[in-house]
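Here the structure comes first, spelled out in C-alpha cells, and everything after it is commentary.
The values are calculated or read from the model by the stated rules, or taken from the named source; none is laboratory data. The shown structure was predicted, so the numbers you read here are calculated from the model rather than taken from an experiment. As a convention, Cβ positions derive from the backbone with ideal geometry for all residues, glycine included, and neighbour counts pool all protein chains shown.
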Amino acid sequence: METRNKRPEERQRASAVGGWGRAACGAVLFVVGAVLLAGCPKKPVVRSFAPTKSAKVVLPAQEPLKDVFFGFNQDELSPEARKTLDANIQWLKANPGVRITVAGYCDDRGTEDYNLVLGERRAKAVRAYLVAGGIDPARISTKSYGKERPFVLGNDPAAWKANRRARIVAAQ
C-alpha cells in the first residue's frame, strides 16, 4: 500500500491496518506451519475381532445377588421376592467366604424418618429369610437408606416401584 502521497492521518491509519494485517498473516503462517510440521492426527486403527474356537470370550461380570422389591408401605416378602432370595441363598451357600450387606430403600413418599425405619424393616426381613435359609447371620449386616439414595429418579409409579427394594451387596 502506497503511503507517501497520503495525508498524515491517512498514513497513520494505513500503517495501523497494515501492521495488524502483517501480525495476523504471521500468526496464520505460524499455525499453518505448525500443522504441516506436526501432520494430521492419525486415525485410530479399527480391527474387527471374530472369536475363533480357541479364543475365550470374556463377558463382563454380572451382579450375582439380585435385589428384591416390595409393595407400597410394605416390608413383607412377596412370592417373587422369596424366589429371588432362594436363588441368592444358593449362591451364598456356594460362596461361604462372602459377607453381605442388605440395604433397605424406599420411594420418595413419606417422611425421611419414616422411610429410614421402613428401609430397616425391609433389610431385616430379607436378613431373616436368608438366615432361615441356612446363611450364617454373622455374614449379614443390614443398613437403611430410606429415600436418600433412589435407584430411579422420578416422581411416578414406575420410579416408586423400582425404589422400594432391598439391595444385597457382596463384600468379600
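Exactly one of (1) in a loop (DSSP other than H, G, I, E, B); (2) surrounded by 14 or more Cβ atoms within 10 Å (Cβ to Cβ); (3) among the aliphatic types (A, V, I, L, M) is unmet by Ala125. Its number?
Against the list (1) in a loop (DSSP other than H, G, I, E, B); (2) surrounded by 14 or more Cβ atoms within 10 Å (Cβ to Cβ); (3) among the aliphatic types (A, V, I, L, M), Ala125 comes up short only on (1).
If you go through the range 64-87, how many residues are basic (Lys, Arg) and part of a loop (DSSP other than H, G, I, E, B)?
Looking only at that region, the number is 1.
Run Gln90 past the list (1) more than 15 Å from Ala162 (Cα to Cα); (2) part of a loop (DSSP other than H, G, I, E, B) and report the number of the one that doesn't hold.
Going through the list (1) more than 15 Å from Ala162 (Cα to Cα); (2) part of a loop (DSSP other than H, G, I, E, B), Gln90 breaks only (2).
Would you mind telling me which numbered condition in (1) at pLDDT below 95; (2) surrounded by fewer than 18 Cβ atoms within 10 Å (Cβ to Cβ); (3) in contact with a Lys or Arg (Cβ under 9 Å, 6 or more places away or on another chain) Asn95 fails?
Going through the list (1) at pLDDT below 95; (2) surrounded by fewer than 18 Cβ atoms within 10 Å (Cβ to Cβ); (3) in contact with a Lys or Arg (Cβ under 9 Å, 6 or more places away or on another chain), Asn95 breaks only (3).
Any idea which of Val152, Val131 is surrounded by fewer than 18 Cβ atoms within 10 Å (Cβ to Cβ), under 23 Å from Arg82 (Cβ atoms) and of a type in the set (A, V, I, L, M)?
Selected residue: Val131, the only one of Val152, Val131 that is surrounded by fewer than 18 Cβ atoms within 10 Å (Cβ to Cβ), under 23 Å from Arg82 (Cβ atoms) and of a type in the set (A, V, I, L, M).
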